[in-house]
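The values are calculated or read from the model by the stated rules, or taken from the named source; none is laboratory data. A quick note: this is a predicted structure, and the numbers were derived from the prediction, not measured. Note that each Cβ is placed from the backbone with ideal geometry, even for glycine, and that neighbours are counted across all protein chains shown.
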Amino acid sequence: MSDWLQIIILTLIAGIAMPVGAAVAGIERIRPHWLETEVRHSVIAFGGGALLAAVALVLVPEGMRNLPLLLIVICFASGGIAFMVLDILLAANKTSASQLVAMLSDFVPEALALGATFVISKDTGLLLAGIIALQNVPEGFNAYRELKLSTHYRGAQIVGAFVLMAFLGPIAGLIGYFVLSSYSQLVSGIMLFAAGGILYLIFQDIAPQSKLKKHWSPPLSAVAGFLLGVIGKVIIGA
């Protein structure tokens, strides 16, 4: 099988994890109510932990690899500022989409990196696809719940939109493979920009949503989400 076809399949599988997570979130209410609340906040926290792992273990280390300090600072800070502006615009329109923005900001740069990495190491690309897929399930779950509560879209419409978003993976992967594999500094800049934006969203929206008084499973879920990223990083490093 050709490299480009493998990239399409891997990134599409990773992307399909988003509507899978959304479909799980669309299941009717869990009983009793306290369990539903606990599960919802725990999944939000798990997704936040996975995003933090993506920033700390993939996006920032890989982004710093090929850039001087000044460009590292500019790209990372620009991401945080740009996502703050987007957050302000969404708030002005009374639309909450922080989970969706964070999910796509994680998925697209990592798919770009997967395509660029595939030129050097197919094994690393395969493992990275698995990590992206595992991250996208809770992120799809959280983004669905957020959009369902803050917009007028029906559940089927949201899941359908997530299916279409899954095709961003193959597009980004092929761009990384055919175009960006020769421009490592540009890939690094994109990853740092996304990392700055994701970090802003984690502390602005995702972490506050996961908090529950006198409940301890949400923060423990955040630890589990970050541990997922650690495990993937160790496997790739091995």
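Please state which one of Ala77, Ala53 is assigned to a helix (DSSP H, G or I) and modelled with pLDDT of 90 or more.
Exactly one residue qualifies, and that residue is Ala77.
Kindly indicate whether Ala116 is surrounded by 17 or more Cβ atoms within 10 Å (Cβ to Cβ), over 11 Å from the mean Cα position of the chain (by Cα) and of a type outside the set (Phe, Trp, Tyr).
Yes.
Confirm whether Thr11 is within 25 Å of Ala166 (Cβ to Cβ) and modelled with pLDDT under 75.
no
Out of all the residues in the range 181-219, which are within 16 Å of Gly115 (Cα to Cα) and either surrounded by fewer than 17 Cβ atoms within 10 Å (Cβ to Cβ) or at pLDDT below 85 (or both)?
Those that are within 16 Å of Gly115 (Cα to Cα) and either surrounded by fewer than 17 Cβ atoms within 10 Å (Cβ to Cβ) or at pLDDT below 85 (or both): Ser181, Ser182, Tyr183, Ser184, Gln185, Leu186, Val187, Met191.
Is the range 93-103 home to any residue that is within 14 Å of Ala195 (Cβ to Cβ) and either surrounded by 17 or more Cβ atoms within 10 Å (Cβ to Cβ) or among the polar types (S, T, N, Q) (or both)?
Within the range 93-103, the subset within 14 Å of Ala195 (Cβ to Cβ) is 101-102.
Cutting the leftovers down to either surrounded by 17 or more Cβ atoms within 10 Å (Cβ to Cβ) or among the polar types (S, T, N, Q) (or both) gives us 101-102.
Yes, some residue in the range 93-103 is within 14 Å of Ala195 (Cβ to Cβ) and either surrounded by 17 or more Cβ atoms within 10 Å (Cβ to Cβ) or among the polar types (S, T, N, Q) (or both).
Quick one: what pairs do we get from the range 176-188, first residue closer than 21 Å to Pro68 by Cα and part of a loop (DSSP other than H, G, I, E, B), second of a type in the set (A, V, I, L, M, F, W, C) and modelled with pLDDT under 90, C-beta under 9 Å, 6+ apart or different chains?
Tyr183/Ala116
Being exposed (fewer than 15 other Cβ atoms within 10 Å of the Cβ) and under 25 Å from Ala224 (Cβ atoms) narrows it down to one residue among Leu128, Leu164, Leu134, Leu149; which is it?
Details: Leu128 fails: exposed (fewer than 15 other Cβ atoms within 10 Å of the Cβ); Leu164 fails: under 25 Å from Ala224 (Cβ atoms); Leu134 fails: exposed (fewer than 15 other Cβ atoms within 10 Å of the Cβ).
It is Leu149.
Any chance you could count how many residues in the range 134-175 are aromatic (Phe, Trp, Tyr), in contact (Cβ under 8 Å) with a residue 40 or more places away in the chain and not in a helix (DSSP H, G or I)?
1
Between Val60, Val85, which is at pLDDT 80 or above and under 23 Å from Gly15 (Cα atoms)? Before the answer, list the steps.
On the way: Val85 fails: under 23 Å from Gly15 (Cα atoms).
Checking each option against the conditions leaves just Val60.
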